[in-house]
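K.L.:
Attaching a single structure in structure tokens format; questions to follow.
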Amino acid sequence: MIPTMATTTTTTASTMHGIAVDNTTTTIDNKNNNNTKNNNNLLRNDKEERLKRKRLKKRLREIEKEAALRTLNGNGCDLSLPPLPSSMSEQQQQHQHQHENEESNEQQQQQQQQHPYGILPHGNIYSLFLDDDDDDTEKKTNNIQQIPRNQMGPYLSRCNDSQLTSICAYLSGTDLSNLVCCNRFCYVLGHLDELWRDVTLRKHEGGSKEIEWMSGGWKDTFVHEEIVRRNKSIADDVSLFGMKQDDGYEHQEEKKEENVVSSSRPQPRKEKISFVPHKPIQIQHIYSDTFYRPYLCRTFPLPKAVFTQQTVPTVNYDATKSRELTIQDFLQKYEETNTPLLIKGATRSWPAFTKWKDLSYLEQQTMKPSSSSPSTSRDDDDDTKATEKEETTTTTTTTKTTPKTNQENITFRATSGAAPLPGSFTLSSYLNYCNHTSYTEELPLYLFDRTFVQKVPQLDKDYRNALHASCPFWDKNEHHHDLLGLLGEKRRPDYRWLIIGPKRSGSSFHIDPNATHAWNAPLVGRKHWIFYPPGITPPGIYPSPSGDDVAMPISIGEWFLAYYAQHESQRRYHPDVTQRPLECIAEPGDILFVPHGWWHAVLNIDDGPSIALTQNYVSESNLSDVLRFFEYKQSQISGCRDRKEDEAIQPEDVLEEFGNVLKEGRKAMWEHAVVEAKKGWKCCAWTDDVDDENNCCSDGGEEGENKKKRARNENDGGEEEGEVSNKKKRGKSVLDRARMPQISFSSKQTEDGCGDNVAAETNVEVKKDEKQEGGGFCFSFAF
């Protein structure tokens, strides 16, 4: 029994020992399990943190896209706009770079560059608060304080960016120079291109004085001319004391002792000022849709379709090869049917096609012998100005200039829909402007000169005879082309223009004036054309019922950003093929027929200046519509109102006088056109304005004469191509015409420093200051 007991005891002991061992193992396992759970929790937390950061980055990209969508509407939001290319992922950008053509790649690379002053769309302001906890008020406050916009003081900080820009438009160049020294936001505000452009144009009195463009931009142009003026003033002052220009105060004392000049007060030392080009500084945390929009409209990547679409009917018409287009084909298939046509190679035989590629040839042709001798004061001033420019310019930037010895440059007029006044340039200066225009200028000045033939007859010789030889269907003697020419060169409305513009400039949507056909021949640089059939209004274009006024985006770039996708959809999928828009690229050597009544827009797509010739004309195919236009659309007749002193025909007389010359020279054609005109419009681009008080050509008796008098009074002071026809605007001063007299806007500030779109609660009233000598403006704020 004992052994058994021993065995049992041993077994029990062993069992008990085993139990003790098992308990220890269980405790260790529990600790390991706890450690594993803790590690899992840490890993889970890390994963959640990574996911949170990933979501934040995704949210940041969404905000960047939203910022791009909001850019063109100030403080609003327009979801029809595309995202900025910078919002794309790297893979998307690489994929886009691999598959886009050379032009699109160039534009994409240009877009990747930052705004020269570091400006970002307003929506990017929300990225400052993505990493902040809701309860971390101190950190949020620090982020708000980083925004320079919030450091503008109690009054100006309540103004939105558009109103601040309007206020700054009343400042002089000196005031703008002082403004940029105030703080970081004022530095960006005071360097807006449109402000320096307007200051420069006002200084040059709206084209009465020549602008000498500097490659640095409008500010450099203004500052350089001011420095040249001051240096000349210093030289004149020094000469009064009988000193050389490099003499200082010490030399003055010696001259005084020699009694060269008698003066009781010693003159201070005067030194010439050296010109230093402006170099933009990148400022952080500048968020403004208003400031960023001009840059975006000039630098966004053009859609690939711009470089590939060719839906306008096209024929080859090279004089050295077989011609696919006969005269009868053009007249019957295209002019009579009112269909656009791109004629390839039609201008390659023109002297202008080969000569105008050399821009120095054009510069030389636009110089003429000076009417005064070299000893006259004007030549002396020009020589002094040229010398001073060489002495004062210390930059390595090359600025193309033309010698002025015994010659003076012919000036050309350039305008912009965003500028209050036109500018006057020599061709050399404007070509320099085209090569160095700033991409922060949304709507550059466009040279659209109607008097180039009178100014430079050689330019007319470079294409006139060649046009009739290469395009005989536009020979006015053979095919009744250019019927308005029967009125005479002085009496007829404007009809031909020399057109020059920089890259990304062009013409917004319009219908050619006076119901005329047109041809357009690019000689330097390619042009992208978009056509909409008569009666089909392009997206984003809102004409009034009478057609007198049209609301549209201010620039062609803004239209591309906001409405090109809608245009592309209509071009591809519109069920009625006849209502689909057409597109093409016209290259140097081509000529484009633009039929009357078609909406069209043009975009210059090549680097440097784009140069073209265009001419509007009346032929038998559109004569009946022209007669109806002259009768029912007198308020829209253009090209003659501002030439009254030059004996140009006026709108109230054009129908009668044009009818008289047609009766004498083209009686059968005139009779047929009158019959057709009475039936109605051949082109559906217009409707009759029977209630228009300017419609006085069909009225008889005393009432008709009274209407004619009212129309004549309203038409006095008219417009030139590209200007607004509004006598009231013309009668006011520059600032009155350029800016609204009273400004109302929203300015409510939220916790995160971002403005809400609420009802206007702050007004800024701008009035003339009668007390200030020389005129000025005072601003009053109402809260």
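The values are calculated or read from the model by the stated rules, or taken from the named source; none is laboratory data. Not measured: the values here are computed from a predicted model. Neighbour counts are summed over all protein chains in view; Cβ atoms, including those assigned to glycine, are modelled from backbone coordinates with ideal geometry. To get the accessible areas, we keep the full protein, side chains included, count just its heavy atoms, and leave off ligands, DNA and RNA. Shrake-Rupley method; radii C 1.70, N 1.55, O 1.52, S 1.80 Å.
K.L.:
Would you grab the residues whose amide H sits under 5 Å from the one on TYR446? Only those 5+ places off in sequence or on another chain, please, with H modelled 1.01 Å from N.
P.N.:
Residues meeting the amide H criterion: THR415, SER416.
K.L.:
Could you give each residue of segment 453-467 its phi-based ³J(HN,Hα) in whole Hz, using Karplus coefficients 6.51, -1.76, 1.60 with θ = phi - 60°, and x for Gly or Pro?
P.N.:
Values per residue, Gly and Pro as x: 5, 5, 6, 10, x, 4, 5, 5, 5, 6, 9, 4, 5, 5, 4 Hz.
K.L.:
If we restrict to alpha carbons, what Rg and Dmax does segment 458-564 come to, in Å?
P.N.:
For segment 458-564, the Cα-based Rg and Dmax read 16.9, 46 Å.
K.L.:
Could you give me the ³J(HN,Hα) list for segment 220-228, computed from phi with Karplus coefficients 6.51, -1.76, 1.60 and θ = phi - 60°, whole Hz, x at Gly and Pro?
P.N.:
Along segment 220-228, the couplings run 4, 4, 5, 5, 4, 5, 5, 5, 4 Hz.
K.L.:
Starting from the residue with the highest accessible area, list HIS122, HIS672 in decreasing order, probe 1.4 Å.
P.N.:
On the way: HIS122 25, HIS672 105 Å².
I get HIS672, HIS122, largest accessible area first.
K.L.:
A further question on this structure: In terms of solvent-accessible area of protein heavy atoms at a 1.4 angstrom probe, what is the ranking of SER288, SER127, highest value first? Let's see the in-between values first.
P.N.:
On the way: SER288 0, SER127 40 Å².
Of SER288, SER127, the descending order of accessible area is SER127, SER288.
K.L.:
In percent, what relative contact order does segment 399-557 have, based on Cα pairs under 8 Å that are 6 or more apart in sequence? List each step's numbers first, then the result.
P.N.:
Working: 138 pairs, mean separation 33.6, N = 159.
The normalised contact order for segment 399-557 reaches 21 percent.
K.L.:
Please find the FRET efficiency linking THR578 to GLN328, where r is the Cβ-Cβ separation and R0 is fixed at 30 Å, and quote it to the nearest 0.05.
P.N.:
Details: r = 24 Å, r/R0 = 0.79.
According to the calculation, E is roughly 0.80.
K.L.:
Suppose R0 equals 41 Å; then what is the FRET efficiency for LYS232 and ARG464 from their Cβ-Cβ distance, rounded to the nearest 0.05?
P.N.:
So, using R0 = 41 Å, E works out to roughly 0.45.
K.L.:
Using amide H atoms built 1.01 Å from N in the peptide plane, name the residues 5+ places from SER610, or on other chains, whose amide H lies under 5 Å from its own.
P.N.:
The list, which skips near neighbours in sequence, is GLY501.
K.L.:
Calculate the FRET efficiency for GLN364 and GLN146 from the Cβ-Cβ distance with a Förster distance of 51 Å, rounded to the nearest 0.05. Could you put the intermediate results ahead of the total?
P.N.:
Working: r = 55 Å, r/R0 = 1.08.
Computed FRET efficiency for GLN364 and GLN146 comes out at 0.40.
K.L.:
Between ALA668 and ARG55, 0.36 nm times their residue separation minus their Cα-Cα distance comes to what?
P.N.:
On the way: separation 613, 0.36 × 613 = 220.68 nm, distance 7.75 nm.
Stretched fully, the ALA668-ARG55 segment lengthens by 212.9 nm.
K.L.:
Another one. Along the Cα→Cβ direction, 7 angstrom out, place labels at LYS203 and ASP688. What is the inter-label distance in nm?
P.N.:
Using points 7 Å along Cα→Cβ, the separation is 5.5 nm.
K.L.:
Between GLU568 and SER546, 0.36 nm times their residue separation minus their Cα-Cα distance comes to what? The partial results should precede the final answer.
P.N.:
Working: separation 22, 0.36 × 22 = 7.92 nm, distance 2.78 nm.
So the extension gain works out to 5.1 nm.
K.L.:
Moving to a separate point now. Between GLY118 and residues 5 or more places away or on another chain, which pairs have amide H atoms under 5 Å apart, with H built 1.01 Å from N, and which residues are they?
P.N.:
ILE283
K.L.:
How many nm separate the modelled label positions at ALA305 and GLU647, each set 7 Å beyond the Cα in the direction of the Cβ?
P.N.:
About 5.1 nm separates the two model spin labels.
K.L.:
Quick check: with the 1.4 Å probe, what order do ARG202, ARG50 take by accessible area, largest first? Provide the component values of the computation, followed by the final result.
P.N.:
Working: ARG202 60, ARG50 130 Å².
Sorted descending by solvent-accessible area, the residues read ARG50, ARG202.
K.L.:
Report ³J(HN,Hα) in whole Hz for each residue of segment 636-650, in order, from the Karplus equation J = 6.51 cos²θ - 1.76 cosθ + 1.60 where θ = phi - 60°; Gly and Pro get x.
P.N.:
9, 5, 10, x, 8, 4, 8, 10, 4, 5, 8, 6, 5, 5, 9
K.L.:
How are the C-alpha pair distances of segment 484-538 spread across 5 Å bins, as whole percents from the shortest bin up?
P.N.:
Over segment 484-538, the share of Cα pairs per 5 Å bin runs 4, 12, 21, 23, 17, 14, 9, 1 percent.
K.L.:
Too long at a 25 Å Cα-Cα cut-off: which of LYS209/LYS357; LYS461/LYS490; LYS279/LYS304; LYS476/LYS682; LYS333/LYS633; LYS203/LYS527? Please list the in-between numbers first.
P.N.:
Working: LYS209/LYS357 28 Å; LYS461/LYS490 19 Å; LYS279/LYS304 33 Å; LYS476/LYS682 22 Å; LYS333/LYS633 28 Å; LYS203/LYS527 33 Å.
In this structure, LYS209/LYS357; LYS279/LYS304; LYS333/LYS633; LYS203/LYS527 lie more than 25 Å apart at Cα.
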